[in-house]
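Participant: Okay, handing you the structure first.
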Amino acid sequence: MFIDKYKKLREKLRKWRKKEYLKISYGEVEISNIRGNLDIKVTGITSDSRNVYENMIFVAIKGYKDNGMKYVKNAIDNGAVAIVIDDDEDIDTIEEDIAIITVKNSRRELSRISRNFYDNPSEKLTVIGITGTKGKSTTTFMIKSILQASGKKVGLLRKYWWIYRRRKKT
């Protein structure tokens, strides 16, 4: 009986959190200006115009050597339905009838937009980081073994490879 009440309470809490998340998700992205219609179907987000496919958002990031604005035309030709640019860029250079969202910092907003679009995956994970000069590998594999023995699904990330469910990828 106590377990049933606990499950119901947990389910209510999960639904409440989901509603709160949906309410605040629009406020997380700091939008300066919007030109065009945002009532669009979006299938993905990228900052690489070569990876843009039909119905994707292209985020033009200013790099240290290159500016993503150079690739806006290519992204539109590949099927982008919206472009996110820094607010100090000239919107009038984009002549196509497409949704343009200006933001203060496109690099930061790319992470926020992606987090919202993919339903905040980091909330569903528990991450353990291990730092130090000696014993990191030993400690990592000990923690991994303990968690697996307790029935948890465990993934292990290292600099050049990762392990998930006994499959090693390099």
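The values are calculated or read from the model by the stated rules, or taken from the named source; none is laboratory data. If you're wondering where the values come from, they're calculated on a predicted model, not measured in any experiment. Positions of Cβ are generated from backbone atoms using ideal geometry, with glycine treated the same way; all protein chains shown enter the neighbour counts. Quick note on the areas: whole protein, heavy atoms, side chains included, nothing else; ligands and nucleic acids left out. Shrake-Rupley method; radii C 1.70, N 1.55, O 1.52, S 1.80 Å.
Participant: Consider only pairs whose beta carbons are under 9 Å apart and that are at least six residues apart or on different chains; among these, list those whose first residue lies in segment 116-145 and is under 30 Å from VAL29 (Cβ atoms) and in a loop (DSSP other than H, G, I, E, B) and whose second residue is among the β-branched types (Val, Ile, Thr) and open to solvent by less than 80 Å² (accessible area, probe 1.4 Å).
Facilitator: TYR118/ILE45; ILE128/THR140; ILE128/ILE143
Participant: Any chance you could count how many residues in segment 44-66 are polar (S, T, N, Q) and under 15 Å from the mean Cα position of the chain (by Cα)?
Facilitator: In the first step, residues of segment 44-66 are kept if they are polar (S, T, N, Q); the result is 46-47, 49, 51, 55.
Retained after the next criterion (residues that are under 15 Å from the mean Cα position of the chain (by Cα)): 46-47.
Number satisfying all stated conditions: 2.
Participant: GLY79 fails exactly one of the following numbered conditions: (1) under 26 Å from GLU123 (Cα atoms); (2) touching an Asp or Glu at 6+ places or on another chain (Cβ under 7 Å); (3) loosely packed, with under 15 Cβ neighbours inside 10 Å. What is the number of that condition?
Facilitator: (1)
Participant: Please specify each residue of segment 106-115 satisfying the condition of being of a type outside the set (D, E, K, R) and either over 13 Å from GLU28 (Cβ atoms) or touching a His at 6+ places or on another chain (Cβ under 7 Å) (or both).
Facilitator: If the condition is that a residue be of a type outside the set (D, E, K, R) and either over 13 Å from GLU28 (Cβ atoms) or touching a His at 6+ places or on another chain (Cβ under 7 Å) (or both), then SER106 is the only one that fits.
Participant: Scanning for something in a helix (DSSP H, G or I), hydrophobic (A, V, I, L, M, F, W, C) and without any contact (Cβ under 8 Å) to a residue 40 or more places away in the chain, does segment 86-104 turn up at least one residue?
Facilitator: No.
Participant: Another question, then. Tell me, yes or no, whether segment 105-114 has at least one residue that is farther than 30 Å from LYS153 by Cα, in contact (Cβ under 8 Å) with a residue 60 or more places away in the chain and over 17 Å from the mean Cα position of the chain (by Cα).
Facilitator: no
Participant: Follow-up. Looking only at segment 82-106, which residues are open to solvent by 20 Å² or more (accessible area, probe 1.4 Å) and either at pLDDT 90 or above or in contact with an Asp or Glu (Cβ under 8 Å, 6 or more places away or on another chain) (or both)?
Facilitator: Passing the criteria: LYS104, ASN105.
Participant: Within segment 8-69, which strands (runs of 3 or more DSSP E) (wholly inside it) include 1 or more residues that are at pLDDT 60 or above and within 18 Å of ASP87 (Cα to Cα)?
Facilitator: The qualifying strands (runs of 3 or more DSSP E) are 31-35, 56-59.
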